[in-house]
1. Go through (1) crowded, with 23+ Cβ neighbours inside 10 Å; (2) closer than 30 Å to Y43 by Cα; (3) hydrophobic (A, V, I, L, M, F, W, C); (4) assigned by TED's automatic domain parsing to the domain that holds D141 for V196 and report which single condition fails.
2. Within the range 114-130, can you find the residues that are under 21 Å from T18 (Cβ atoms) and either touching a Phe, Trp or Tyr at 6+ places or on another chain (Cβ under 9 Å) or assigned to a loop (DSSP other than H, G, I, E, B) (or both)?
3. Of all residues being free of Cβ contacts under 8 Å to residues at least 40 places away in the same chain and under 23 Å from W191 (Cα atoms) in the range 131-169, which is surrounded by the fewest Cβ atoms within 10 Å (Cβ to Cβ)? Just the residue, please.
4. Condition test on L108, is it touching a helix residue (DSSP H, G or I) at 6+ places or on another chain (Cβ under 9 Å), surrounded by 17 or more Cβ atoms within 10 Å (Cβ to Cβ) and free of Cβ contacts under 8 Å to residues at least 40 places away in the same chain?
5. Check the range 244-254 and report whether any residue there is free of Cβ contacts under 8 Å to residues at least 40 places away in the same chain and surrounded by 15 or more Cβ atoms within 10 Å (Cβ to Cβ).
6. For the range 78-111, which positions are modelled with pLDDT of 95 or more, touching an Asp or Glu at 6+ places or on another chain (Cβ under 9 Å) and either over 20 Å from R238 (Cα atoms) or not hydroxyl-bearing (S, T, Y) (or both)?
7. Check R17, R63 and return the single one that is touching a residue at least 40 places away in the same chain (Cβ under 8 Å), surrounded by 16 or more Cβ atoms within 10 Å (Cβ to Cβ) and out of contact with any helix residue (DSSP H, G or I) (no Cβ under 7 Å at 6 or more places or on another chain).
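The values are calculated or read from the model by the stated rules, or taken from the named source; none is laboratory data. Not measured: the values here are computed from a predicted model. Quick reminder, even Gly has a Cβ in these numbers, built from the backbone with ideal geometry, and neighbours come from all protein chains shown.
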Amino acid sequence: MGAKATTPAIDLTVGERTVRVSNPDRVYFPAHGWTKLDLATYYLAVGDGIVRALRERPCMLHRFPEGLAGEKVHQKRIPHGAPPWLQTVRLHFPRWNRTADELCVTELASVIWAVQMSTVEFHPWNVRRADVDRPDEWRIDLDPMPEAGFDRVRVVAGVAREVLDELGIVGYPKTSGGNGLHIYVRIVPEWEFADVRRAALAFAREVERRLPGDATTTWWRKDRDPRHVFIDYNQNARDHTIAAAYSVRGVPDGTVSTPIRWDEIADVDPRSLTLATVPARYAALGDLHARIDDTAYRLDTSWSGLIGTSATGPPPRPSRRPTATADGRLARRCGRVGQQMSSRANRVAAAATAIAVRVGQMSQVAIPPWPVSASRRADPGR
């Protein structure tokens with residue numbers, strides 16, 4: 001368990017707000033002795049950057065009430081007793097037909113309040129409060145498999161940038177805070193999650209075509225080559241979130257999902273970017289994502305008709321299908337899973353489209369089935 005507090009609560013002045021931080025000496029990162037107050041001080045140091053990454057977005061919180069030595073809590077709903085100035089946004093989850101009022105950061109004080117509530121990681125949606133059904137952010141997630149080192153991630157990132165350049169699109173890279181790399185692109189919020197997901201898959205397939213020995217879009221993890229980098233297009237699906245730029249990760253070394261320049265990818269060591277080192281980097285370089293909102297790209301003109309409109313029927317089934325056991329338990333389980341498919345998943349299956357990537361040549365993109373686990377969170381270690 002984390003160390004108990006030895007000092008009383010303190011008040012932090014954050015803009016026009018005063019945020020009380022209780023148990024400031026509670027150790028959150030035992031390997032380094034970093035405390036709750038150290039975490040709050042970090043977020044104050046990168047204030048403009050973390051607010052820019054979270055502004056007006058629904059945000060799920062990864063909380064560690066007893067520090068990393070204790071249990072992690074994934075929190076969507078803002079608890080009762082939150083300060084009246086705290087902003088929220090209501091989301092609807094069709095799979096369960098439920099709603100949740102999630103944190104909507106509009107100022108740095110909201111971030112520090114979340115730290116007071118034991119939040120370490122911030123996981124925003126790729127939509128804004130004004131329209132929670134149409135993403136304004138396309139996320140390229142380069143997720144290395146167990147035998148793929150960061151050197152291979154560097155190779156795939158280079159080709160991803162090559163394809164973006166050919167499409168006339170500027171992407172903003174950042175470390176994941178784990179073993180991978182994220183690239184963010186602002187898009188005009190005119191397309192729903194399913195469309196953005198299809199566009200992300202089309203892009204991923206083009207990168208895979210150019211790097212068949214390094215990149216993969218194979219959906220089922222068990223079918224992927226462990227030496228490849230998975231381009232996780234499904235991070236653009238509804239209710240999928242990944243750590244924000246400047247979010248600390250809930251890992252022993254307190255690594256940070258850190259914006260980097262493209263020319264840094266060749267040499268950067270993601271393990272060196274922590275809550276102890278990033279503030280000095282931020283003070284020297286500023287927010288490398290500061291211009292991300294300058295240009296929003298279209299998915300129809302910029303991508304030469306990347307999203308098609310002609311239906312081709314349901315997408316193909318997985319290459320491996322489970323077989324029933326003698327007692328029929330697996331068959332019954334499959335039946336239950338089928339009943340749990342969301343209405344959106346069914347619409348996507350019924351309206352699957354042919355997608356073309358016009359980068360040098362035309363290639364048809366088959367859309368894998370929407371996974372039953374589509375609403376599950378990404379591996380927090382990524």
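1. Against the list (1) crowded, with 23+ Cβ neighbours inside 10 Å; (2) closer than 30 Å to Y43 by Cα; (3) hydrophobic (A, V, I, L, M, F, W, C); (4) assigned by TED's automatic domain parsing to the domain that holds D141, V196 comes up short only on (2).
2. Of everything in the range 114-130, those that are under 21 Å from T18 (Cβ atoms) and either touching a Phe, Trp or Tyr at 6+ places or on another chain (Cβ under 9 Å) or assigned to a loop (DSSP other than H, G, I, E, B) (or both) turn out to be A114, V115, M117, S118, T119.
3. This residue is D165.
4. The answer is no for L108.
5. There is no residue in the range 244-254 that is free of Cβ contacts under 8 Å to residues at least 40 places away in the same chain and surrounded by 15 or more Cβ atoms within 10 Å (Cβ to Cβ).
6. Across the range 78-111, the qualifying residues are W85, Q87, V89, R90, L91, C104, V105, T106, E107, L108, A109.
7. From the options R17, R63, the qualifying one is R63.
Results for (1) among the basic types (K, R); (2) assigned to a loop (DSSP other than H, G, I, E, B); (3) modelled with pLDDT of 95 or more, shown as yes or no for each residue.
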{"residue": "D263", "(1), (2), (3)": "no, no, yes"}
{"residue": "V268", "(1), (2), (3)": "no, yes, yes"}
{"residue": "Y282", "(1), (2), (3)": "no, no, yes"}
{"residue": "D294", "(1), (2), (3)": "no, yes, yes"}
{"residue": "T301", "(1), (2), (3)": "no, yes, no"}
